[in-house]
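First the structure, in the form of structure tokens, and then the observations on it.
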Amino acid sequence: MVLAIFCANHLVAQIQGTSNIGADGTVAVKAGFNLSSLGGDSRYDYGTKPGFHLGGLVEIPFSDVIILQPEALLSFQGSGTFLDEDVNLFYLNIPLIAKYNVWDHLFIEAGPQIGILLSSNIDENTYGTLVTPDTNTLDFGFALGAGYRLDDNFYFQLRFIPGFINVVKDFDSKNRVAQLSASYFF
């Protein structure tokens, strides 16, 4: 954990020292809690699954009230509880969020998200088939939420991201993720 914080600090220093991001935008690390499920076919039990996300972001202000926020997040998602039959999905999610300051330090957020499936435990036992079902390696969703800036360093978010592409081909299995996050700005 200490190594991760050291690397994040070093990366921020490099970015701020060698690019325009430090002058025009603000860099942050982000971590939080996921509550996810696969929406779809009622023949299968898609219970909710707790998980986490971790990554970084950059705030790029366009005006006093509009901010563009690209992110890169590693996200543990899926469905079920912590049993062997759970569906475990590990994504690299890349949301592009537009933030609008509606009042004081309160923001509404919305934007597209692309997810790249890095790994899963989906096999022939997951859906009772004789062969391992094909998974889609890309996911596309739309994030909608709100955030609150506590001070210059801390920002808190609550988001819902419904996916539009089936995780498992030929099965109605779209990602549904609720996120509670905290970001620390350097």
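So here's what we get for this one:
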{"quantity": "Residue list for the stretch 93-109, filter: of a type in the set (A, V, I, L, M, F, W, C) and surrounded by 15 or more Cβ atoms within 10 Å (Cβ to Cβ)", "calculated": "Ile94, Ile97, Ala98, Phe107"}
{"quantity": "Conditions (1) modelled with pLDDT under 85; (2) touching a helix residue (DSSP H, G or I) at 6+ places or on another chain (Cβ under 8 Å): number failed by Thr132", "calculated": "(2)"}
{"quantity": "In the stretch 155-186, residue surrounded by the fewest Cβ atoms within 10 Å (Cβ to Cβ) [restricted to those that are aromatic (Phe, Trp, Tyr) and in contact (Cβ under 8 Å) with a residue 60 or more places away in the chain]", "calculated": "Tyr184"}
{"quantity": "Filter result for Asn101 (in a strand (DSSP E or B), among the polar types (S, T, N, Q) and either modelled with pLDDT under 80 or within 20 Å of Thr135 (Cβ to Cβ) (or both))", "calculated": "no"}
{"quantity": "Restricting the stretch 47-92 to residues that are modelled with pLDDT under 85 and not in a strand (DSSP E or B), the residue that is surrounded by the most Cβ atoms within 10 Å (Cβ to Cβ)", "calculated": "Gly80"}
{"quantity": "Checklist (1) loosely packed, with under 14 Cβ neighbours inside 10 Å; (2) within 22 Å of Ser181 (Cβ to Cβ); (3) at pLDDT below 95; (4) in contact with a Leu (Cβ under 9 Å, 6 or more places away or on another chain) applied to Leu150, failing item", "calculated": "(4)"}
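The values are calculated or read from the model by the stated rules, or taken from the named source; none is laboratory data. If you're wondering where the values come from, they're calculated on a predicted model, not measured in any experiment. Using ideal geometry, Cβ is built from the backbone for each residue, glycine included, and neighbour counts are taken over all protein chains shown.
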